[in-house]
Amino acid sequence: MKRSVHRIKELISGRRGFTLLETVAVMMVASVMLLCVLPSLTRFQSAHALYSSALMLASDIRCHQQEAVGAENENATYQISFDTERDEYSLMLATERLRTVLLPGSVDLVFTNFDYNLLKFTLQGAPVSGGHVMLKDTVSGKSFYIIINPVAGRVRIDTVPPE
């Protein structure tokens, strides 16, 4: 009985809780752990931005192909213009810009091998000429190639350049 009364008195007397020194020590350990993890989070975020950008570009190319197939105007020219200086691409109908997509800061639009950086589609949805676009992560150096087959117009993403 005396022991339980003694424990209650200890708890009531203010001996519970953490000292300032203990709190500072825990904060220091947590800070060091955060500093160790932060660089890998940055690399993960930039790798995700690269992969998402490659998926978005491939999706936009496929969508633009389908719009060319369903075009009512036989004189309409569906094309995608790539700007390697600004790291952006524009979906165009003739000379009208329908939408411009700016790539994230960690993603670099390195090059395309299309004439004048312009991917054009026929009314059947096939590209006028095949080729590829290279996107590169500026943090890790990893690259993705969006490859457009010249005959079938198939769009795929790969980590190695086409032959």
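I need the strands (runs of 3 or more DSSP E) fully contained in region 81-129, keeping only those with at least 2 residues that are farther than 19 Å from residue 49 by Cα and touching a strand residue (DSSP E or B) at 6+ places or on another chain (Cβ under 6 Å).
88-93, 96-102, 118-121
Where residues in region 91-107 are in contact with a helix residue (DSSP H, G or I) (Cβ under 9 Å, 6 or more places away or on another chain) and more than 11 Å from residue 79 (Cβ to Cβ), which of them is least open to solvent (accessible area, probe 1.4 Å)?
Once the filter is applied, the top-ranked residue is 107.
With in a loop (DSSP other than H, G, I, E, B), touching a residue at least 40 places away in the same chain (Cβ under 8 Å) and touching a strand residue (DSSP E or B) at 6+ places or on another chain (Cβ under 8 Å) as the only criterion, which of 71, 47, 54 stands out?
Residue meeting the stated conditions: 71.
Of the numbered conditions (1) free of Cβ contacts under 8 Å to residues at least 12 places away in the same chain; (2) under 13 Å from the mean Cα position of the chain (by Cα), residue 39 fails exactly one; give the number of that condition.
(2)
For the structure I just gave you, tell me whether residue 133 is open to solvent by 30 Å² or more (accessible area, probe 1.4 Å) and within 16 Å of the chain's Cα centre (by Cα).
no
Within region 31-46, can one find any residue that is open to solvent by 100 Å² or more (accessible area, probe 1.4 Å), charged (D, E, K, R), modelled with pLDDT under 85 and in contact with a helix residue (DSSP H, G or I) (Cβ under 9 Å, 6 or more places away or on another chain)?
For region 31-46, residues open to solvent by 100 Å² or more (accessible area, probe 1.4 Å), charged (D, E, K, R), modelled with pLDDT under 85 and in contact with a helix residue (DSSP H, G or I) (Cβ under 9 Å, 6 or more places away or on another chain): absent.
The values are calculated or read from the model by the stated rules, or taken from the named source; none is laboratory data. Note that the structure is predicted; figures quoted are calculated from it, not measured. Positions of Cβ are generated from backbone atoms using ideal geometry, with glycine treated the same way; all protein chains shown enter the neighbour counts. Ligands, DNA and RNA are stripped out before the accessible areas are found, and what is left, the full protein with its side chains, is counted by its heavy atoms. Shrake-Rupley method; radii C 1.70, N 1.55, O 1.52, S 1.80 Å.
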